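Worksheet: one structure, shown below.
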Amino acid sequence: MVRQYIDHPRYLPEPIRGKLPFRAGTDKGRIWRVVQLGVAAEKQTAEAKAAALKTLQLSQGKPGDAPPLAKLERLANSSDARLRFQAALQLGQVQDAKKTKPLAQVLSARADDKWTRAAVFSSMGDWSVELLDELANQRLAERQSLAPALAVLGQLIAKTRSPQETGGVLARHLDADFGWREHERTALLGGIIDGSSSSVAGLVAGQPKASANVGVIFESARAKASSQGGDGAGRLASIALLGHSSFGAERETLLALLTATEPGSVRLAAAKALGQFDDAGVAVALLTKRRWGGYAPGLREAVTGVLLGRSTYHPALMAALESGVVPIHALSPARRQMLERSKPVGARAKKLFAKQADGDRMKAYKSLKPVLKLKADAAGGAKIFTRACALCHTHGSEGYAVGPDLTGLRNQPAETLLLHIIVPNHEVVGGNAMYEVDTKDGQTFAGLLAADTPAQLTLKLPLGFTKTLARSEVKAVRASPLSLMPNELEKTMTRQELANLIAFLKR
């Protein structure tokens with residue numbers, strides 16, 4: 001398939017969407033088979049005929065006789081990963097609970113491999129609890145962590161077993177003396193909750209032992225989440241588990257994890273966990289001016305996704321947009337449309353976004369559209385790029401890599417390029433938002449956030465300079481509501497020069 005354009009219509013201004021042939025190239029795709037003239041077809045071998053017969057049997061739902069269980073048990077213990085994988089697939093034909101032992105051996109050898117997990121779980125049939133029991137019988141000191149597999153297996157158990165059976169699993173397998181590592185019990189519980197249609201309270205109703213075990217694991221998860229012990233899988237699983245509790249119970253723990261001293265993965269996990277609560281208070285807490293201003297680009301994108309994910313959160317998000325705490329450009333056009341379709345705030349969103357569309361910068365953009373009809377000189381535009389844009393942008397080998405690379409814009413409509421030159425705040429992608437950093441010695445730096453770790457942060461400045469600051473030096477970090485690109489750039493050039501610049505960018 002040949003694609004002339006890779007843009008999606010909803011990423012472009014409405015007046016421009018109808019002007020790009022988005023289906024261009026769809027008539028170019030062809031599949032050809034090349035055969036040498038005068039050469040006879042290859043003669044079928046016995047092996048090829050046997051493979052064709054097996055394929056025919058499978059296509060007709062006749063897989064043939066199941067291999068002997070004893071032979072598959074030997075293959076499941078092979079040192080060759082390919083043989084173990086084949087054994088797991090073949091065990092799907094065995095209709096006997098005894099197959100869970102070799103399946104457990106295969107899974108224990110590569111629990112971190114998604115294909116191994118898929119093969120084992122597709123072959124276990126109705127024996128999910130029995131497989132869990134066999135996994136628990138594996139010698140703890142001789143096996144790797146089974147947490148990735150237990151999370152999936154927990155979901156399958158919750159979906160396929162009765163509430164009583166699932167409660168029995170919680171009562172037995174979550175006991176501290178049963179043999180699982182702490183993070184494995186957390187993964188199993190998280191999987192069961194994810195796969196269940198009941199609340200945590202519903203899962204353990206009428207089962208005191210299960211209830212006590214679950215309570216202990218949640219307490220342990222709170223302690224682990226707050227431990228500031230890096231971003232290991234155990235800590236991230238604990239944070240995710242807290243998302244199955246309630247906002248009232250986990251508010252302080254999870255909000256504290258959004259601070260800049262935590263690793264990025266921990267901050268993202270906390271935001272995702274907060275998004276599990278159907279409580280309007282989540283949005284209010286996430287959208288305080290202090291918190292929003294301190295979010296790094298990746299976290300800001302994640303928080304925005306969380307806030308748009310539940311209509312419960314939309315009123316608080318709308319209020320933040322109206323008050324200016326959250327700049328409108330923080331939402332892409334597609335995300336703005338989501339708010340416009342929201343029942344709680346749709347009318348307010350349409351009114352706010354329409355007002356922005358009629359702002360002074362948009363009026364300037366509309367007044368400059370005749371520039372696009374001028375005869376332009378791309379070579380002359382290269383000089384304008386060097387003078388006005390190269391401080392922060394690259395094009396080919398020219399310029400400094402602060403903002404986006406402008407090399408690949410030739411397929412963008414000229415109207416789109418003009419829009420983003422004249423209205424730089426129309427849409428600011430997270431990684432291109434400007435941040436202001438105040439230091440304890442009274443200095444202030446403004447630039448794009450290039451790196452953000454618990455120990456330090458780095459800003460990208462014009463002319464390709466960077467500024468790295470230790471966290472101990474930083475007094476405050478604020479996300480600016482404005483793009484680093486200045487307004488009224490068009491006043492630094494004539495209309496002809498603006499036309500030439502656009503021609504250069506499309507060259």
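What follows is calculated from the coordinates using simple rules that are stated; it is not laboratory data. The shown structure was predicted, so the numbers you read here are calculated from the model rather than taken from an experiment. Glycine also receives a Cβ, built like all others from the backbone with ideal geometry; neighbour counts cover every protein chain displayed.
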Distance in Å, no decimals, from the C-alpha centre of region 322-356 to the one of region 140-204 is 41 Å
At a Cα cut-off below 14 Å, give the aspartates and glutamates reachable from residue 467, other chains included and same-chain residues fewer than 8 away excluded. 436, 438, 452
Which residues does a label at residue 77 reach in region 130-162, if reach means a backbone N under 19 Å from a point 7 Å past the Cα toward the Cβ? 134-144
Can you compute the helix-only [θ] at 222 nm over the chain? Use -39500 (n - 2.57) per DSSP H run of at least 4 residues, normalise by all residues, nearest 500 deg cm²/dmol. -14500 deg cm²/dmol
At 0.36 nm per residue, and after removing the present C-alpha to C-alpha distance, how many nm does the segment from residue 476 to residue 415 gain when stretched out fully? 18.1 nm
Rounded to whole Å and sorted largest first, list the principal axis extents of the Cα atoms in the chain. 83, 77, 44
Long-range amide H partners of residue 480, meaning residues 5 or more apart or on another chain whose placed amide H is closer than 5 Å, are 434, 435, 436
Hey, rough spin-label estimate for residue 310 and residue 97, points 7 angstrom out along Cα→Cβ, what's it come to in nanometres? 4.0 nm
Quickly rank 46-53, 294-301, 496-503 as a protection proxy: mean count of other C-beta atoms within 10 Å, highest first. 496-503, 294-301, 46-53
Mind listing the long-range amide H neighbours of residue 207? Cut-off is under 5 Å, sequence gap 5 or more, other chains count too, H placed in the peptide plane at 1.01 Å from N. none
Residue-by-residue Karplus 3J(HN,Hα) for region 205-212, coefficients 6.51, -1.76, 1.60, Hz, glycine and proline x: 4, x, 10, x, 5, 5, 4, 5
Contour minus Cα-Cα distance for residue 456 and residue 492 (0.36 nm per residue): 9.3 nm
Which residues does the label zone of residue 112 cover in region 217-260, counting backbone N under 14 Å from a point 7 Å along Cα→Cβ? 232-234
Zone reached by a paramagnetic label modelled 7 Å from residue 137 Cα along Cα→Cβ, restricted to region 89-128 with backbone N below 15 Å, covers 96-108, 127-128
Residue-wise HN-Hα coupling along region 95-103, computed from phi with Karplus coefficients 6.51, -1.76, 1.60 (Hz; x: Gly, Pro): 9, 7, 4, 5, 5, 5, 5, x, 5
Simple label model, 7 Å out from Cα along Cβ direction - residue 323 to residue 391, nm: 3.4 nm
Calculate the spin-label point distance for residue 51 paired with residue 407, positioning each point 7 Å from the Cα along the beta-carbon direction, and give it in nanometres. 4.2 nm
Student exercise, the chain dipole from Lys, Arg, Asp, Glu Cβ charges, in Debye to nearest 20: 1700 debye
May I ask you to compute the full-extension gain from residue 122 to residue 438, defined as 0.36 nm times their residue separation minus their alpha-carbon distance, rounded to one decimal in nm? 108.2 nm
I'd like the Karplus ³J(HN,Hα) series for region 175-190: coefficients 6.51, -1.76, 1.60, θ = phi - 60°, whole numbers in Hz, and an x wherever there's a Gly or Pro. 5, 4, 9, 6, x, 7, 6, 4, 5, 6, 4, 4, 5, 5, 5, x
